[in-house]
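The values are calculated or read from the model by the stated rules, or taken from the named source; none is laboratory data. Predicted model, so just to flag it, every value in this text is computed and none were measured. Quick reminder, even Gly has a Cβ in these numbers, built from the backbone with ideal geometry, and neighbours come from all protein chains shown. Surface areas here come from the heavy atoms of the whole protein model, side chains and all, with no ligands, DNA or RNA. Shrake-Rupley method; radii C 1.70, N 1.55, O 1.52, S 1.80 Å.
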Amino acid sequence: MLPTPSTSHVSFDNVYEPSEDSFLLLDTLSSASEVEFLKTRFPKNEAVPVIAEVGVGSGVVLAFANAHATEIFGKPHVLTLAIDINRHACEATRQTVEKASTDLAGSQVSVGTFLGSIQADLGSAMRSGVVDVLIFNPPYVPSEESLADLRDVALSEPQFKASSSAKFERDSKLLALSYAGGADGMETTNILLSDLPRILNERRGVAYILLCAQNKPAAVMEYIKSWHANWNVEVVGHSGKTAGWEVLQVLRVWPDNLPHSK
Amino acid sequence: MKILTLTFLTCARKSCKPEPTSYPLHPTSAELEIIPVDFNPLFLRALLPRLDWPTLRILCEAFGLPGLQEEAPEEDALFLQPEEGGAMEDVEVQGEKGKEVVEDVEKKGEEETREASQLAKDLHHLLLETTMQEGKLVCGCCGHEYAVKEGIANFLLPAHLV
């Protein structure tokens with residue numbers, strides 16, 4: 001098993017702490033079947049793929065993909081990019097990626113190249129077609145809160161003179177942004193999905209999206225298949241069976257070569 | 001944020017995306033910092049096909065960095081060619097070695113015994129070591145300014161622009 005990056009430097013007061021869902025993504029990306037799929041999709045001698053994780057949180061998943069690029073993609077020649085709406089998460093991830101790479105120093109293993117962290121709403125700042133591998137562990141918990149109100153807190157600057165109760169409120173809202181998904185826990189995921197065909201490279205692109213049972217994964221899969229006959233979706237990871245139902249699933253979403261693409 | 005990163009980003013506003021002027025975002029009042037990265041010519045070789053050369057030329061000019069050549073370099077330009085490497089003595093022995101190298105390349109697709117060129121070193125420095133720490137990224141379409149602070153660009157739009 002590949003080592004899990006350390007996140008001991010991260011303050012979990014306002015950044016999502018690696019949990020079962022994060023670990024399921026690590027296990028899925030490094031599973032024999034996904035390694036096989038990724039190595040085939042990104043042959044050794046072809047151009048460097050861009051791996052972008054949306055909503056990186058502590059950065060544990062992206063740091064894992066970056067540090068273990070040789071094992072997962074069959075080559076160290078990958079670019080990784082971190083995106084989060086929460087600036088604290090952007091900062092934490094930069095450190096997590098750096099630490100995971102230096103922890104391997106001396107082991108003669110080459111790691112990927114980290115492009116940096118950007119603070120953004122999902123894939124909104126990405127150019128069309130530039131992402132080859134998109135990883136998304138969404139805020140998937142069904143919630144009643146207004147996501148627009150929560151978003152406002154990410155726009156605001158932290159106040160250094162804030163009272164402890166004001167700081168607590170701000171931190172709680174930032175954390176809520178990492179798990180609260182609105183109706184069916186799908187409000188944020190649906191925005192990402194609607195932009196996915198634009199962001200992903202139409203020839204090489206593949207997305208790994210985590211869902212929970214309340215997200216109605218079967219309906220999500222039907223929705224993706226309805227985009228175009230060339231879009232595929234498969235469950236490639238799951239965990240936490242309760243009464244026969246998998247609580248968490250990882251979907252792999254990818255287009256087949258479109259007829260007119262290069 | 002590396003200079004290379006800017007070639008993957010655009011304005012966060014939906015209405016700007018179809019407009020060619022929204023890419024690249026134009027850096028202003030930029031503070032650059034060099035953060036050393038291990039030099040890896042094999043990585044550069046794999047990166048070359050992904051480079052948007054005309055955009056990199058625009059960015060270099062915007063940052064006031066030394067200009068890039070007009071045409072994107074070929075893979076061979078990243079390495080010193082054998083004749084530049086000096087003496088061509090012991091041709092027979094070298095021929096033997098050359099043969100082994102070719103086989104290696106076919107086998108592993110990784111081997112590269114040639115020495116990296118100055119161009120490779122310059123590109124490494126520009127793309128991977130030069131980072132934008134402070135400043136603004138301005139959309140050429142809507143004029144919106146995205147702030148970069150401590151190396152992290154903020155693409156969050158105020159609610160009325162989303």
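Those residues that are surrounded by 15 or more Cβ atoms within 10 Å (Cβ to Cβ) and at the interface with chain B (Cβ under 10 Å from one of its Cβ atoms), I need them from the range A:148-173; list them, please.
A:Arg151, A:Ala154
Tally the residues that are within 13 Å of another protein chain (Cβ to nearest Cβ) and modelled with pLDDT under 95, restricting the search to the range B:51-71.
Total satisfying the criteria: 0.
Can you tell me which residue within the range B:1-19, out of those that are free of Cβ contacts under 8 Å to residues at least 60 places away in the same chain and open to solvent by 60 Å² or more (accessible area, probe 1.4 Å), is nearest to the chain's Cα centre (by Cα)?
The selected residue is B:Pro18.
Pull out all pairs, ordered by first then second residue, where Cβ-Cβ is under 7 Å, the residues are six or more apart or on different chains, the first lies in the range B:137-162 and is among the hydroxyl-bearing types (Ser, Thr, Tyr), and the second is outside any strand (DSSP E or B).
As it stands, the answer is B:Tyr146/B:Leu25; B:Tyr146/B:Phe155, since those pairs meet every condition given.
For A:Thr80, indicate whether it is within 30 Å of B:Pro41 (Cβ to Cβ), surrounded by 18 or more Cβ atoms within 10 Å (Cβ to Cβ) and within 14 Å of the chain's Cα centre (by Cα).
yes
Is there a residue being assigned to a loop (DSSP other than H, G, I, E, B) and at the interface with chain B (Cβ under 10 Å from one of its Cβ atoms) anywhere in the range A:89-100?
Scanning the range A:89-100, I find no residue that is assigned to a loop (DSSP other than H, G, I, E, B) and at the interface with chain B (Cβ under 10 Å from one of its Cβ atoms), so the answer is no.
I'd like to know if the range A:50-68 contains one or more residues that are at pLDDT 95 or above, under 26 Å from A:Leu193 (Cβ atoms) and within 11 Å of another protein chain (Cβ to nearest Cβ).
Checked the range A:50-68: at least one residue is at pLDDT 95 or above, under 26 Å from A:Leu193 (Cβ atoms) and within 11 Å of another protein chain (Cβ to nearest Cβ).
Do we have B:Glu75 as within 13 Å of chain A (Cβ to nearest Cβ), modelled with pLDDT of 95 or more and open to solvent by 70 Å² or more (accessible area, probe 1.4 Å) here?
no
Looking only at residues that are of a type in the set (Val, Ile, Thr) and within 14 Å of A:Pro139 (Cα to Cα) in the range A:174-228, which one is surrounded by the fewest Cβ atoms within 10 Å (Cβ to Cβ)?
Restricting to residues being of a type in the set (Val, Ile, Thr) and within 14 Å of A:Pro139 (Cα to Cα), the top hit is A:Ile191.
I need the full set of residues from the range B:108-162 which are in contact with a helix residue (DSSP H, G or I) (Cβ under 6 Å, 6 or more places away or on another chain) and assigned to a strand (DSSP E or B), in order please.
Answer for the range B:108-162, where residues must be in contact with a helix residue (DSSP H, G or I) (Cβ under 6 Å, 6 or more places away or on another chain) and assigned to a strand (DSSP E or B): B:Ala116, B:Ile152.
With respect to the numbered conditions (1) within 11 Å of chain A (Cβ to nearest Cβ); (2) modelled with pLDDT of 95 or more, which one is the sole condition not fulfilled by B:Val37?
(2)
Just to be sure I understand the filter: pairs with C-beta atoms under 7 Å, separated by 6 or more residues or on different chains, first member in the range B:29-48 and without any contact (Cβ under 8 Å) to a residue 40 or more places away in the chain, second member surrounded by fewer than 17 Cβ atoms within 10 Å (Cβ to Cβ) and among the charged types (D, E, K, R). Which pairs pass?
Within 7 Å, the pairs are B:Leu48/B:Glu75.
Could you check the range B:20-29 and list, in sequence order, the residues that are touching a helix residue (DSSP H, G or I) at 6+ places or on another chain (Cβ under 6 Å) and open to solvent by less than 70 Å² (accessible area, probe 1.4 Å)?
Within the range B:20-29, B:Ser22, B:Pro24, B:Pro27 qualify.
I want to confirm something. Restricting to the range A:113-134 and keeping residues that are of a type in the set (Val, Ile, Thr), under 22 Å from A:Ile209 (Cβ atoms) and at the interface with another protein chain (Cβ under 10 Å from one of its Cβ atoms), which single residue is surrounded by the most Cβ atoms within 10 Å (Cβ to Cβ)?
Selected residue: A:Val131.
So in the range A:19-64, with the set limited to residues that are of a type in the set (S, T, N, Q) and under 22 Å from B:Leu47 (Cβ atoms), which one is most open to solvent (accessible area, probe 1.4 Å)?
Only one residue tops the list, namely A:Asn45.
Of everything in the range A:84-112, what is among the polar types (S, T, N, Q) and either at pLDDT below 95 or open to solvent by 60 Å² or more (accessible area, probe 1.4 Å) (or both)? Give them in sequence order.
Of everything in the range A:84-112, those that are among the polar types (S, T, N, Q) and either at pLDDT below 95 or open to solvent by 60 Å² or more (accessible area, probe 1.4 Å) (or both) turn out to be A:Gln95, A:Ser101, A:Thr102, A:Ser107, A:Gln108, A:Ser110.
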